[in-house]
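The values are calculated or read from the model by the stated rules, or taken from the named source; none is laboratory data. The shown structure was predicted, so the numbers you read here are calculated from the model rather than taken from an experiment. Don't worry about glycine lacking a Cβ; one is built from the backbone with ideal geometry, like all the others, and counts go over all protein chains shown. Note: areas computed on protein heavy atoms with side chains; ligands, DNA, RNA excluded. Shrake-Rupley method; radii C 1.70, N 1.55, O 1.52, S 1.80 Å.
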Amino acid sequence: MYVYKEEHIRGHLTICYEALLVFQILSKELDELGVHYSIKAIIETLKNMNIINHKDKYYETLYTDSKVLRSLEEIFNLKLDKEHYRIKRFQK
């Protein structure tokens, strides 16, 4: 930890605590689903979930399918496995 001011230390520790909390929630939800993945597998999956914006027309996913991804989709009712996502425009 390379922070020295009290508010920076508090901020750093808050982020660490929140990351641990998110992992604990994910682990609990996955365990209730009947599957268990290591923290390394979960983090690796989340780190690899990249997308690219194609000239504000659509987003393309750059990640590949995995068991962790399918489990997260099932828990949170997401559509993470779609290859393309349309960009919705909001009218004023």
_Single residue of region 6-40 satisfying the filter (of a type in the set (A, V, I, L, M, F, W, C), modelled with pLDDT of 90 or more and touching a helix residue (DSSP H, G or I) at 6+ places or on another chain (Cβ under 7 Å)) that is farthest from E74 (Cα to Cα)_ = V35
_I'm trying to understand the selection: among the residues of region 32-54, which are charged (D, E, K, R) and surrounded by fewer than 11 Cβ atoms within 10 Å (Cβ to Cβ)?_
E32, K40, K47
*Filter region 1-37 for residues that are outside any helix (DSSP H, G or I), under 15 Å from V68 (Cβ atoms) and among the β-branched types (V, I, T) and give the result.*
V35
*Scan of region 38-74 for residues that are in contact (Cβ under 8 Å) with a residue 12 or more places away in the chain, among the small types (G, A, S) and assigned to a loop (DSSP other than H, G, I, E, B), ordered by number*: S66
*Considering (1) in contact with a helix residue (DSSP H, G or I) (Cβ under 7 Å, 6 or more places away or on another chain); (2) open to solvent by 70 Å² or more (accessible area, probe 1.4 Å), say which one V3 fails and leave the rest.*
(2)
